[in-house]
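The values are calculated or read from the model by the stated rules, or taken from the named source; none is laboratory data. For clarity, every value in this text was computed on a predicted model and none was experimentally measured. All Cβ positions, even for glycine, are placed from backbone atoms using ideal geometry, and neighbour counts span all protein chains on display.
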Amino acid sequence: MAKSTAVWGIDIGQCALKALRCTTSADGETIVADKYDYVEYPKMLSQADADPEELVRDALEQFLSRNNLVGDKVAVSVPGQAGLSRFFKPPPVDAKTLPEIVKYEVTQQIPFPIEDVIWDWQQLGGTIVDGRTVDAEVGLFAMKREAVYRALSPFDEANIEVDYVQLSPLSIFNVVCQDLIDELPDAESFDPENPPPSIVVMSMGTDTTDMIVTNGMKLWLRNIPIGGSHFTKQLSRQMKLTQAKAEHLKRNARMAENPKQVFQAMRPVFNDLINEVQRSLTFFKSMDKAAEIKDVVLLGNAAKLPGLRQYLNKQLEIDVRKVDSFEKLTGEAVAGQKSFDENLLSFAPCYGLCLQGLGKSQLKTNLLPNELVVERIIKAKKPWVLASVGLLMLGCVLGLFFKQSALWAVSPDYKGTSQASWSEAISKAKSAKSKSSGLVSVDEEQKEYLKKLNLITKGLSSATDNKTLWMEMYSALFQALPKDPKIEALRAEGITSVSPQEVPFAGRSEIYIDHLETKYFPDLAEWYENIKDIYVRQTLSGEELRAMVGGGDEDSADMDDDDSYYSDEDVEGGGPSNEMSNKAGWVIEIQAHHFHNFIGDESKISEADYVRQTLINSILNKDVTLPDGVYKYSDLGVSFPTIVRREVASKPKRIEFDPAKARAAAMAGRGGGMMGLESYGAGPMGAVGGGTGNQTLADNETTFDAHEFSFVVQMAWEPHNPSQRAAAKEARLKAEADAAKAAAAAAENPDEGLE
């Protein structure tokens, strides 16, 4: 597949994976960033207990799950300390002979066998005078072959085809030339004796700091073995803190209880860093006495350390520039995004990689192994080679065909039109058979095409039916909820929030749904086996329950309320569990509560009975109205509505009847997932708190106490489409008519059938 004009720049750091996708505008001049990603590792790669390979692999998997790299170029960076950078000034030579001089210098400058390294070079500056290159500087950049393959290993495992491998400081150099230097010097007019001012870039990483000194034409690099982790370790040692607490304190030093103590603890690392920077600048000036340092730029997330910029400014006596954005990088999808802005300084290597991939960079060296490049070229040309071989074979076949035709024309068996031979007859038969086979093949293709169309049509109609069935199910559940006539009348008058003075909470005939959850079961019998005992106890009357457990004088209401009063053996085997066997469907769970509680008033129904007589009774016995008719809930495939959990609040709940506050309080702490199968069963009711129950408010009161009864109802649902529920309704009505006829016949002949 051809590569697009977009480039992903990926930098695998010690703390996180950074990635930026850039392309060019329509005019080809402006760099536009349209995607980015920042995947932070759970641990730093350099920690003793970390597995770097696993952390990087997981980060790449997470990155690929959120981004599509197909068709885009990919450029990756490697740490500066993993590579080797050397610079030399060749004598004035013919430009054509410069590569030969570079090859000689490679063997002299690189302290490894040349076959063990991957290297590249680029000319920096220089002018052509009388056909010779003058005042040029050549940069040699190399990495050990095994280090390059080790850096590419995570990308190979993730099936990411890398196009560019670049050292991180060289990527940052490309960003400096693009964004931080106002005007790049012209190679033809560059004066080595009076060069433009240079910029010092300090890219601070976790363990090391890459130092780049450049004026846009010449380049000098050094790696300083001090990074952000050294400040963390110093804080951990000095203040006896864990690594995590030290890291947090380092990032928020100004907000600490004693900021001065924090900065004092990190001062030795500050001093070491300043000494290394000053020593490096002194060495650089000794090599290039005409060089002038203009300012210092800090990059990398470690550069956000509080007080670092001010400290460098004071000690170096050089202006330390603050970078808030990449001015020449556009793209609303990236620029201005919070996570990108927070980690802006760490995206510089990614930006530089994108510049190189788009052909907008100063440095164009690439440390990608040449054998990989050759392998990809061969892989890309394989389809063309196969196509060529196929065409060649086709030509051979056509040539053979014409040769055979010519041979047949002069064959002794050939006869004219006046007399047909066996050969002609066989040829005609073969032709007819071939035509027949072709027609049969076309017919089979048409049949297969028709099957595909039928599948697509069935899928589309099925998707529409499923959406309709779910909407109708939600409507049916809403119709099953009890409606308080007083509240409904007030709402009809436009009163949306009914205060407790008008209708006390204790007498409200309403149920409030907190959460609704569904779960699919390939075999609903698995669910029913766990709730069948509860369902049987719930549907039987008090007399039937006492008969089941051997009689007794206990009050039936009390017995009915306490599911734990009966053991599982008392009702074992109850309920038509065989009806659910081998039936697939959904279990709908409703988590709800109500305030229809009369604590201490035995003349009123219990809290659980209220749910049974309203919600459960509606599902078992009431009608439900849908757009295509009136049905019973059983016609829709709903069965076995069961209260699987219930609880009266041990203490009265504090209620505010201010409409806005009431809505917020009603939702606080509610919700949850589907109850696991292990939580099914009848648990005892929660203890009922003392007091006088639900209160009636005076006109000046704003809050009151009310006993809340929370419960969970589950029911099975086998979705029935309109034709199925119409058939179920017809069968139900027929069964009811048969039962009524049988009852009438029994009433007329009460002694029939008795012996």
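Listed values, structure above:
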| read-out | value |
| --- | --- |
| Where a residue in the range 711-722 is farther than 16 Å from Asn617 by Cα and its partner, wherever it lies, is crowded, with 21+ Cβ neighbours inside 10 Å and among the acidic types (Asp, Glu), with Cβ under 8 Å and at least six apart | His720/Asp635 |
| Options Ala19, Ala33, Ala59; residue that is within 23 Å of the chain's Cα centre (by Cα), farther than 22 Å from Ala151 by Cα and assigned by TED's automatic domain parsing to the domain that holds Met211 | Ala33 |
| Of all residues in the range 182-209 being buried (at least 20 other Cβ atoms within 10 Å of the Cβ) and within 19 Å of Gln362 (Cβ to Cβ), the one that is farthest from the chain's Cα centre (by Cα) | Ser198 |
| Selection within the range 324-338 - within 20 Å of Ile181 (Cβ to Cβ) and either without any contact (Cβ under 8 Å) to a residue 40 or more places away in the chain or out of contact with any helix residue (DSSP H, G or I) (no Cβ under 8 Å at 6 or more places or on another chain) (or both) | Asp324, Ser325, Thr330 |
| Residue selected from the range 284-306 under the condition within 18 Å of Glu137 (Cα to Cα) and touching a strand residue (DSSP E or B) at 6+ places or on another chain (Cβ under 9 Å), by the criterion surrounded by the fewest Cβ atoms within 10 Å (Cβ to Cβ) | Met287 |
| Subset of the range 16-56 that is of a type in the set (Lys, Arg) and surrounded by fewer than 19 Cβ atoms within 10 Å (Cβ to Cβ) - its residue that is farthest from Pro349 (Cα to Cα) | Lys43 |
| Of all residues making up the range 503-522, the number that are assigned to a loop (DSSP other than H, G, I, E, B) and surrounded by 12 or more Cβ atoms within 10 Å (Cβ to Cβ) | 6 |
| Among the residues listed as Glu29, Glu61, the single one being at negative phi, of a type in the set (Asp, Glu) and assigned to a helix (DSSP H, G or I) | Glu61 |
| Set Ser427, Ser436: member being at pLDDT 85 or above and hydroxyl-bearing (Ser, Thr, Tyr) | Ser436 |
| Qualifying positions in the range 72-88 - more than 33 Å from the chain's Cα centre (by Cα) and either among the aliphatic types (A, V, I, L, M) or crowded, with 22+ Cβ neighbours inside 10 Å (or both) | Gly83, Leu84 |
| Single condition Asp295 does not satisfy, out of (1) closer than 16 Å to Ile199 by Cα; (2) touching a residue at least 60 places away in the same chain (Cβ under 8 Å); (3) assigned to a loop (DSSP other than H, G, I, E, B) | (3) |
| All positions within the range 178-197 that are part of a helix (DSSP H, G or I) and more than 26 Å from Val148 (Cβ to Cβ) | Asp179, Leu180 |
| Subset tally (residues that are surrounded by fewer than 16 Cβ atoms within 10 Å (Cβ to Cβ) and not polar (S, T, N, Q)) for the range 307-317 | 3 |
| Pairs with Cβ under 8 Å, 6+ apart, first in the range 273-284 and assigned by TED's automatic domain parsing to the domain that holds Met211 and assigned to a helix (DSSP H, G or I), second surrounded by 17 or more Cβ atoms within 10 Å (Cβ to Cβ) and of a type in the set (Gly, Ala, Ser) | Phe284/Ala291 |
